[in-house]
């Protein structure tokens with residue numbers, strides 16, 4: 001992976017693939033509501049956890065969740081199905097990173113998979129005193145990564161303007 005980083009980028013730069021994280025778990029009855037589908041809050045906890053792992057893989061520092069720019073629930077995950085999560089860094093700024101998380105359900109008996117949620121979170125790297133800490137730059141390698149990187153930059157600028 002490191003060989004894909006152009007020489008013009010700083011040596012500490014990382015690729016999207018270096019942060020990619022996958023997590024699978026089985027949905028049991030205590031994880032579900034009266035509809036026998038996983039609680040939304042449980043899905044949100046999974047998303048926050050995988051975003052944290054992904055961000056830490058990128059920066060190798062402690063991180064905290066700053067925001068969730070979007071969280072879409074697109075379909076349910078039922079008791080007995082697997083919940084599959086995939087996450088990666090879409091953009092790195094000076095001290096923060098945007099993380100994309102995709103959630104799928106998987107019927108383990110048929111193999112059918114369905115997209116059930118998507119989320120974008122901003123994670124902040126912190127030092128031992130809890131102050132913002134610099135993170136490595138991100139190098140998007142393929143067209144999809146470049147497209148997501150550009151979209152993330154636009155969202156970042158909108159957030160900065162909204163904050164000001």
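Here are a few things to note about the model shown:
- Yes/no for residue 117 being crowded, with 17+ Cβ neighbours inside 10 Å and under 16 Å from residue 38 (Cα atoms): yes
Residues are listed down the side, and each one gets a yes or a no for (1) modelled with pLDDT under 95; (2) in a helix (DSSP H, G or I); (3) out of contact with any strand residue (DSSP E or B) (no Cβ under 7 Å at 6 or more places or on another chain); (4) within 21 Å of residue 156 (Cβ to Cβ):
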{"residue": "9", "(1), (2), (3), (4)": "yes, no, no, yes"}
{"residue": "12", "(1), (2), (3), (4)": "yes, no, yes, yes"}
{"residue": "22", "(1), (2), (3), (4)": "no, no, no, no"}
{"residue": "35", "(1), (2), (3), (4)": "no, no, yes, no"}
{"residue": "42", "(1), (2), (3), (4)": "no, yes, yes, no"}
{"residue": "80", "(1), (2), (3), (4)": "no, no, yes, no"}
{"residue": "86", "(1), (2), (3), (4)": "no, no, no, no"}
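- Just one of (1) under 18 Å from the mean Cα position of the chain (by Cα); (2) in contact (Cβ under 8 Å) with a residue 24 or more places away in the chain; (3) surrounded by fewer than 19 Cβ atoms within 10 Å (Cβ to Cβ) fails for residue 148. It is (3).
- Region 97-119, residues that are farther than 16 Å from residue 53 by Cβ and in contact (Cβ under 8 Å) with a residue 24 or more places away in the chain: 105, 106, 107, 108, 113, 114, 115, 116, 117, 118
- Test result for residue 126, over 21 Å from residue 40 (Cβ atoms) and surrounded by 14 or more Cβ atoms within 10 Å (Cβ to Cβ): yes
- Residue 102 vs. criteria within 27 Å of residue 27 (Cα to Cα), over 18 Å from the mean Cα position of the chain (by Cα) and modelled with pLDDT of 95 or more: no
- Region 54-74 - residue that is over 16 Å from residue 93 (Cα atoms) and exposed (fewer than 15 other Cβ atoms within 10 Å of the Cβ) and, of those, modelled with the lowest pLDDT: 70
The values are calculated or read from the model by the stated rules, or taken from the named source; none is laboratory data. Quick caveat, the model's predicted, so the values are computed rather than measured. Neighbour counts run over all protein chains shown; Cβ positions are idealised from the backbone, glycine included.
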